[in-house]
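The values are calculated or read from the model by the stated rules, or taken from the named source; none is laboratory data. Quick caveat, the model's predicted, so the values are computed rather than measured. Virtual Cβ from ideal backbone geometry, glycine too; neighbours counted across all protein chains shown.
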Amino acid sequence: MASHWEEFYATHLPPSDFEDNRMLLKEFCDRHNKSGDRIVLVTSGGTTVPLEHNTVRFVDNFSAGTRGAASAEYFLEHGYAVIFMHRLKSLEPYTRHFNGQKFMDMLELNDRGPNTTITVKPDSVDVLAPILANYKVAQDNGKILYVTFTTVSDYFWLLRSACECLQPLGTKALLYLAAAVSDFYIPSNQMPTHKIQSGAGAPTISLQLVPKLLAPLVSLWVPQAYVVSFKLETDESILITKARDSLNKYKHKLVIGNILQTRRQKVVFVTPESSYEVSLTRDQMMNAMEIEDLIVSNIVIGHSDYIGSFKY
Ligand code: 9Z3
């Protein structure tokens with residue numbers, strides 16, 4: 001009998017841009033594998049759960065993709081090549097610093113006539129310059145690949161494809177699964193084609209459990225990779241137990257637990273051997289340090305030890 005995840009792929013079509021993304025992923029992984037680089041797959045942002053095939057309405061979640069976008073920058077600083085697999089229109093590395101009005105406020109409009117010029121305000125140059133410099137380095141050296149998903153089904157197709165391309169990297173591949181993936185969805189064959197009509201009264205919408213992809217991912221798709229997953233809870237008293245359950249079940253390397261309200265200040269690292277908190281001090285917060293800086297530094301050490309343990 002086919003397993004839950006196999007059934008999923010057999011009954012859901014890939015997204016229309018799937019082949020293009022597959023080729024991009026393959027080229028990126030082959031190139032960096034040849035150069036001996038480490039590659040991290042960062043997943044980021046929330047997934048949507050459409051209620052109709054011709055989608056007017058969908059179920060969504062809170063994630064803006066801050067964690068993933070910030071982490072991608074820190075991985076690049078540590079020399080990793082980055083596959084940034086993110087929800088379309090969620091935050092992206094580098095541009096996240098200039099979201100919305102922030103960008104406009106950095107600019108100055110000079111001479112409103114035919115000779116209009118736009119300049120960056122002097123005090124914004126200090127902010128913009130280092131970010132722009134890092135962006136250019138990543139871009140010019142082909143160190144980052146952006147691929148996007150929207151629905152939970154798109155995410156599933158893209159994740160498996162990225163894993164297939166990462167498999168040849170063995171232990172040099174790192175998976176950093178920070179996307180907030182829906183646990184529930186409406187299977188394709190149970191979804192109405194057209195917009196749900198209000199005339200028929202309030203609909204009863206029945207969601208099903210999505211298959212847990214960590215199972216085939218760890219045991220079949222990238223068995224040698226260093227796999228890190230995130231566990232989000234709102235009740236602190238169950239966080240470590242849930243993280244440890246996940247680790248015992250899927251046998252990957254690390255679960256990072258976080259609580260919705262405090263996720264920017266602290267997380268808990270749960271490994272098979274131990275659990276410890278990683279948090280920002282008051283001083284670090286005052287200096288606008290980001291917790292992703294600490295998270296990524298810790299993971300890079302763990303990944304290096306892991307690669308090292310295969311050398312003898
Ligand atoms: C996380 O826990 C991420 O840290 C956040 C980041 C989504 C909280 P933001 O985008 O938030 O920076 O606002 N991601 C994983 C959440 C998740 O759905 N995990 C699944 C679970 O908890 C398993 S992999 O069951």
* Check on T204, part of a loop (DSSP other than H, G, I, E, B), in contact (Cβ under 8 Å) with a residue 24 or more places away in the chain, hydroxyl-bearing (S, T, Y) and away from the ligand (no atom under 16 Å from the Cβ) -> no
* Asked: Residues Y250, Y226: which one is of a type outside the set (A, V, I, L, M, F, W, C) and in contact (Cβ under 8 Å) with a residue 60 or more places away in the chain?
  -> Y226
* For region 48-63, does any single residue satisfy the condition of being at pLDDT 95 or above, within 9 Å of the chain's Cα centre (by Cα) and in the same structural domain as A180 (by TED's automatic domain parsing)? -> no
* To do: Can you tell me which residue among Y176, Y185, Y155 is under 18 Å from H78 (Cα atoms), assigned by TED's automatic domain parsing to the domain that holds H53 and within 16 Å of the ligand (Cβ to nearest atom)?
  => Y176
* To do: Please work out which one of (1) surrounded by 17 or more Cβ atoms within 10 Å (Cβ to Cβ); (2) modelled with pLDDT under 95 is the condition R96 fails and give its number.
  => (2)
* Structure fact -> Residues of region 260-312 being aliphatic (A, V, I, L, M), in contact with a strand residue (DSSP E or B) (Cβ under 6 Å, 6 or more places away or on another chain) and not in a helix (DSSP H, G or I), in sequence order, are V267, V268, V270, V278
* **Within region 147-201, tally of residues that are touching a residue at least 12 places away in the same chain (Cβ under 8 Å) and on the phi > 0 side of the Ramachandran plot** => 1
* Whichever residue in region 223-239 is more than 13 Å from the ligand (Cβ to nearest atom) and outside any loop (DSSP other than H, G, I, E, B) and, among such residues, is farthest from the chain's Cα centre (by Cα) -> S237
* Select from region 266-312 the residues that are surrounded by 10 or more Cβ atoms within 10 Å (Cβ to Cβ), closer than 19 Å to L247 by Cα and among the small types (G, A, S) and list them in ascending order. => S275, G302
